[in-house]
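The structure under discussion appears below in the form of structure tokens.
The values are calculated or read from the model by the stated rules, or taken from the named source; none is laboratory data. Remember, it's a predicted structure, so these values are computed and weren't measured experimentally. Here Cβ is always computed from backbone atoms with ideal geometry, including for glycine, and neighbour counts include all displayed protein chains.
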């Protein structure tokens, strides 16, 4: 196939477009000056300021807890849903489950947030639960929309999996539950890890849904960032962004290295 | 022995449920089904209910639609909120504007994303994984912070204006932040991975021998692209378009942080109605109307996806 210069140029420009803003965030996080876009010399003072800010640290801790719990529950329920959709064949309510499991993927966040808040308020009126809103209601909301992403990831792994080993185990007399835990689960484990990380990231990242369903005292990290950014320039947010980018880059680097090692072993 | 059977309480529970005709299979279906029913489907019914009630100064701030009068129940359905949406041009304009912004952004994302996806799909293996990772990497970092990064780029004393003034292209900064341009840019930027990934997944399966055959038959690269590559990649194009267009309609963060005061996208209108005006019934009516607006393009895209899948 003939290959011109046009395509690579376009691709390179595309990657510049993707990375230039991120790069500028990192550079200006080391800026001495209060103005985020005017260089005033190298400094790490915004990192110090960030680590002394109790509001940010508290919100980060809440966000991490919410994300860890939400991701774990979302993986458990999402795997069940994916398994049902991939293995159970036709059953009543299948179309409905498919719809409910995948619709959150494209549902605008404002609608998800508003509808869950109104549900929580109504439930509290009728049965008294959940009493007030806070971390629990954020976790429920995050499980619901993260599940959809887990279903997609796990279902594609399940349908790409060799059915013969499951059948062989069943022919040898293993009950379905045992087949699932001894055969299916180890095979789809990488998809579960991927699904968990995806759910964790989405939960950690969510501003809109959490803003709707939260209550007094439970501000997540995106909410604090948003209120700071809306008030204007805040260089410590650049430092925070740099830390997040560094963690993500290291995590992705390790994942790639593990994957390459795994691929070589296969 | 399986995990469940080896632990007596689990065994007993399983047997107890079995009396009611509930076996393990039903239970496995029931858990995710009930969760999604209660926390995904029922909430929409609640929104629909509140959208036909009237605002009240109370907590929660709306009137009940069913009131008991000793013996009789009266149902008060008020469609005033919907009438209000139709009569106040603010809402209709916001819907139309949101659809326009989302559509244009999706088209732009397609134009930017397609060459990148194509380039990655045609790259040799170690490079391909690396490039794919580079596309996904920004997605793993905070969405909010990526939008914030563009603020720093676009503001009057931002990176772009400073650069243009330094090179002498312009004398006075161009107003870029708080414009519709910034909103388009922000949506294309943050949603680009959602466009590239389905396109890549499709293009990587493309059989190169078809392209060679087309070239051997004398077709120029451009004509091969429009007659072979593009039609075959339609499922990826539609999937990517849907993943950008549909969520972008209800976008709140991008118009709030990059757009101007008159960039009224419907997600922002809903947010303000709820958080500033505290008018829950109108906010609910906005949400229901947004769902109705969304259903049509989703149906069209689903059908197109089906047709594209059948054709290939």
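Checking the structure you have, find out if any residue of the range B:173-181 is in a helix (DSSP H, G or I) and within 10 Å of chain A (Cβ to nearest Cβ). No; the residues of the range B:173-181 include none that is in a helix (DSSP H, G or I) and within 10 Å of chain A (Cβ to nearest Cβ).
Within the range A:230-264, the set of residues being facing another protein chain (nearest Cβ under 9 Å), over 26 Å from residue A:194 (Cα atoms) and at pLDDT 80 or above comprises A:230, A:237, A:238.
Remark: residue B:29 matches the filter, which requires a residue to be more than 26 Å from residue A:108 (Cβ to Cβ), at pLDDT 75 or above and outside the structural domain of residue B:256 (by TED's automatic domain parsing).
If I ask for residues that are part of a helix (DSSP H, G or I), surrounded by 13 or more Cβ atoms within 10 Å (Cβ to Cβ) and out of contact with any helix residue (DSSP H, G or I) (no Cβ under 7 Å at 6 or more places or on another chain), which ones from the range A:230-243 would you list? Answer for the range A:230-243, where residues must be part of a helix (DSSP H, G or I), surrounded by 13 or more Cβ atoms within 10 Å (Cβ to Cβ) and out of contact with any helix residue (DSSP H, G or I) (no Cβ under 7 Å at 6 or more places or on another chain): just A:243. Can you confirm whether residue B:301 is modelled with pLDDT under 90, closer than 21 Å to residue B:113 by Cβ and crowded, with 17+ Cβ neighbours inside 10 Å? Yes; evaluated as a whole, the condition is true for this residue.
Being at the interface with chain B (Cβ under 10 Å from one of its Cβ atoms), under 14 Å from residue A:64 (Cβ atoms) and exposed (fewer than 15 other Cβ atoms within 10 Å of the Cβ), is that true of even one residue in the range A:221-229? No: zero hits. For residue A:25, indicate whether it is facing chain B (nearest Cβ under 7 Å) and closer than 29 Å to residue A:191 by Cβ. Criteria not met by residue A:25. Regarding residue B:190, is this residue in the same structural domain as residue B:294 (by TED's automatic domain parsing), without any contact (Cβ under 8 Å) to a residue 12 or more places away in the chain and out of contact with any strand residue (DSSP E or B) (no Cβ under 9 Å at 6 or more places or on another chain)? So residue B:190 fails the test.
If only residues of the range B:152-172 that are facing another protein chain (nearest Cβ under 8 Å) and surrounded by 16 or more Cβ atoms within 10 Å (Cβ to Cβ) are counted, the one that is farthest from the chain's Cα centre (by Cα) is B:162. If a residue counts only when it is touching a helix residue (DSSP H, G or I) at 6+ places or on another chain (Cβ under 7 Å), without any contact (Cβ under 8 Å) to a residue 40 or more places away in the chain and within 13 Å of chain A (Cβ to nearest Cβ), which helices (runs of 4 or more DSSP H) contained entirely in the range B:194-304 have at least 3 such residues? Result: B:208-216, B:266-275. With the structure loaded, tell me whether residue A:123 is more than 16 Å from the chain's Cα centre (by Cα), within 12 Å of chain B (Cβ to nearest Cβ), assigned to a helix (DSSP H, G or I) and surrounded by 23 or more Cβ atoms within 10 Å (Cβ to Cβ) or whether it fails that test. So residue A:123 does not fit the description; no. Restricting attention to the range A:198-219 and to residues that are surrounded by 23 or more Cβ atoms within 10 Å (Cβ to Cβ) and away from chain B (no Cβ under 11 Å), the residue that is farthest from residue A:57 (Cα to Cα) turns out to be A:199.
When only residues in the range A:77-112 that are more than 20 Å from residue B:102 (Cα to Cα) and under 17 Å from the mean Cα position of the chain (by Cα) count, which is modelled with the lowest pLDDT? Among them, the one singled out is A:102. In the set (1) over 21 Å from the mean Cα position of the chain (by Cα); (2) at pLDDT below 85; (3) facing another protein chain (nearest Cβ under 9 Å), residue A:180 fails one condition alone, (2). The combined condition, being surrounded by fewer than 22 Cβ atoms within 10 Å (Cβ to Cβ), assigned to a helix (DSSP H, G or I) and at the interface with chain A (Cβ under 8 Å from one of its Cβ atoms), is fulfilled by residue B:134. Residues in the range A:30-71 that are within 11 Å of chain B (Cβ to nearest Cβ) and within 24 Å of residue A:202 (Cα to Cα): A:63 only.
Being assigned to a helix (DSSP H, G or I) and at pLDDT below 85 is the filter; apply it to the range B:139-151 and report the residue that is nearest to the other protein chains (Cβ to nearest Cβ). Of everything passing the filter in the range B:139-151, B:140 is nearest to the other protein chains (Cβ to nearest Cβ).
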